[in-house]
Structure formats: structure tokens, C-alpha cells
Amino acid sequence: GFTFERPTSEYTLRFEYRKSSEQSYTQKSVASGSGTKTVTLTGLSASTTYEFRLCAEWEGESYASATERFTTSASQGGGDPTGGLTKYSGWAELPVEHDADGNGIDDNDASLYYAHHICPDFRVDGHLARNYTVCYSAEHHCPVWVAAPRHACYEHGGDRTNAYRQDPDIPSNIQYNSKSTGGGCNKGHMLGSTEREVTSAVNRQVFYYTNIAPQYSSTFNTGGGAWNNLEAFVDAQVCKDTTYVVIGTYFETFTDAYGKSCSPATISFGGRSDVTRPSMFYYLILRSKSGNTGKSVYDLSASELKCAAFVLRHNIEKGHTPQAKDMMSVSEIEEMTGFTFFANVPNAPKDTCNPSDWDL
């Protein structure tokens, strides 16, 4: 319990927590006034003991409650009925990684590797913000998906760095080893540069080769290209509430809703001769419908959320703009790809996909 008898206008409350092995606390603001105080914690480590307390700040002095403890489970994550795992339970964008033994290698497909990139010098709510998570294929030498939060706070302050280089958290021998292109493709960002320009250090991370896929340079990833038009559509979905996205590739023959097909191919790209050019790219979006609730997606009902998949055949015609026929439900693309998306958000309406929710 915690009792502090002053008018609410005279003091502030905050919640503090830390790993029991750490010296400093992370702080989260709490509304003043009486009643039960709760906060949502994200990015906690598995099998770890944390200490927490409630603090009041009044006239330059701090007053703290007794310190309590809790221990996280061995499997931080869940939300997936098949028992798959994500490394961080509070990251709403994460798909299931199936990394049951913590070795960084997918146990269902030993060619998949994962990296979770934290911003080096950009903080949100007192802690370093996450940048993005990548699933990278050693078989295809290409990203399989990149998952990230989208918010305006990531976008302004720095510049584009063009700092193309290998990802330090993924084995170097399975990545591209140069900026060279080929196969009719240019270097296509999964998570775009303009989406991470808050600092130069944050921007440099999106130039890791693991965030780059070969995309057709004349029709897809070019001025007026279908991918660029979809990216602009997604940009317009970024709202005051955080938007969560997964950008992915597909490596089997794909036929779209227009009845046209594209097949993958092995090309020379990035200094390698064994890169798979994807047949389809997809963009998944999860956010609140109103865009301005001030709440976490975990605190909203399914009817207050919208999520959908937008899929594009890689050889789709230049100038194509997002249409209702480009949409799938998230459940449908889960069935197609074998991944479980938005695994930590059990209230995400993954079985529905309403074009009217997206003004299509």
C-alpha cells in the first residue's frame, strides 16, 4: 500500500522498476489521485527477477512505497496457441519466432536467423527505444520479414546515412557482402530510411543488409512504383497511437487477386550469386481504428482495432496503387507463409479485413 495525503495538483506519481541485478530504475508516469495504479511494461527479459515501487514527488522530495518483486516466465511472449515464442512479450509487432532453445536459430527451419535492434541513442519513456526485428533467411540470403513500431517520434531530427553494411547480429557469411545490385533490382528497404531519421545512429541500423531485399528497379521500387505507392499508403496510416507493421517477402510462385502470377528466381545481388528474388512482398498493419486513443493496443478491444495484410506481386505493373483486391486478412497470410503474426496481441482482429476501415 501507499498513502500520500496531498492535493493531486501538488504532487506527481511515477512507477519505477529494474532488474534486481541493476542499480538504476526505469520510470513510467502514473496519474495522480487515489485508487489502484497500473502500468504496462514492455521489453522484459525472460526468467528474470524485477523490483518495482511507486513513488511520489512533492516539493522537490521523493517518497517511495516498499519495494516488491516479480519474476518473468521462461517464455516471455505467447498469444500463439501453438506455443511459439517471441523474445519480448510487450512488443506488439513481433511474429512468433519458434526459437525454443534460445540459440537464435529457428527450430522449425534452421535457415532462419533473428536479430532485435535497439536504438543506440534514442529513448522513449526513459529507456532506449526498439528499432526493428528482422527474420533473415540463410537459404535465400534475403530478409523474410521485418517487424517494427511506426510513430512520428522516430522520423525527424537526423538525415539519411546510406550506411549500407552487414548486420552485426546476423552471421556475416549468409548476408550480402557489397552494395552491388543485379537481376533487374535495386536495394529495397523493408523498413524505410525516412521512417527512422530521428538520429544518424538509428538511421544507420536500417541500412543493415538484413533490412534490404532485391526489388525490381523499373516498376516496383522506383518513382511511381507499386511498392512506393504502398509505402505512401502505409505512411498515411501512421497516427498518434503507435502503429505496428510487418514487412515481408515470399519465395514461392504467387498468383494475386487479379489472376496474374510471379515466380521467384535466383539472381546475382549484393556480391552474391545465390540470392532469391522474391515473388511477392507484403505489408501488415495493426493500429487503433481512431488513431488517437492514447491507449496501448493491449488495452483496446478487437472492435477498436484494425489489422490487415496488403500484398503485391513483385512484377505488378508500375503505377499500381493500393486497392481492396490487394488486401488479405492477417490470418490468410499466416496460412500462406506459416508465420503467426502479432502474436503478443490476442485481441488483434486477424480474421477480418474490411476495406472500408482503410478507405479502400
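Here are the numbers for this structure:
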item	result
Spatially close lysines, pair count over the chain: Cα under 21 Å, gap of eight or more or interchain	22
Neighbourhood charge, 12 Å Cβ-Cβ cut-off, centred on Pro120 and excluding it, Lys, Arg +1 and Asp, Glu -1	+3
Additional length obtainable on full extension of the chain from Ser34 to Lys179, 0.36 nm per residue less Cα span	46.4 nm
Å² per residue, accessible surface of region 107-227 at 1.4 Å	35 Å²
Full-stretch length increase - Thr8, Trp58 - with 0.36 nm per residue and alpha-carbon distance subtracted	17.0 nm
Shape of region 103-210, Cα gyration tensor, a/c cut at 1.5	oblate
Additional length obtainable on full extension of the chain from Thr266 to His156, 0.36 nm per residue less Cα span	35.9 nm
Point-to-point label distance, Ala302-Glu139, nm (Cα→Cβ direction, 7 Å offset)	3.2 nm
Computed FRET value (nearest 0.05) for Val124 with Ser218, which takes r as the C-beta separation and R₀ as 41 Å	0.60
Packing-based order for 252-260, 314-322, using average beta carbon neighbours within 10 Å, highest first	314-322, 252-260
Cα-projected label distance for Arg69 with Ser21, points at 7 Å along beta-carbon direction, nm	1.4 nm
Most mobile of Phe342, Phe281, Phe15 in a GNM of the chain (Cα contacts under 10 Å)	Phe15
Solvent-accessible area, 1.4 Å probe, carbon plus sulfur percent, for the chain	45 percent
Relative contact order for the chain, counting Cα pairs under 8 Å that sit 6 or more residues apart, in percent	14 percent
Label assignment, mean projected area of the Cα convex hull in nm² derived from the structure, set (i) 22.4; (ii) 17.3; (iii) 19.1	(iii)
Two-site label geometry, Tyr258 and Glu332: point separation in nm, points 7 Å out along Cα→Cβ	1.6 nm
Charge tally in the Cβ shell below 11 Å around Glu10, where Lys, Arg are +1 and Asp, Glu are -1, Glu10 excluded	-2
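The values are calculated or read from the model by the stated rules, or taken from the named source; none is laboratory data. As the structure is a prediction and not an experimental result, all values here were calculated from the model. Cβ atoms come from the backbone with ideal geometry, glycine included; neighbour counts cover every protein chain shown. Note: accessible area is taken over every heavy atom of the protein model, side chains too, but ligands, DNA and RNA are not part of it. Shrake-Rupley method; radii C 1.70, N 1.55, O 1.52, S 1.80 Å.
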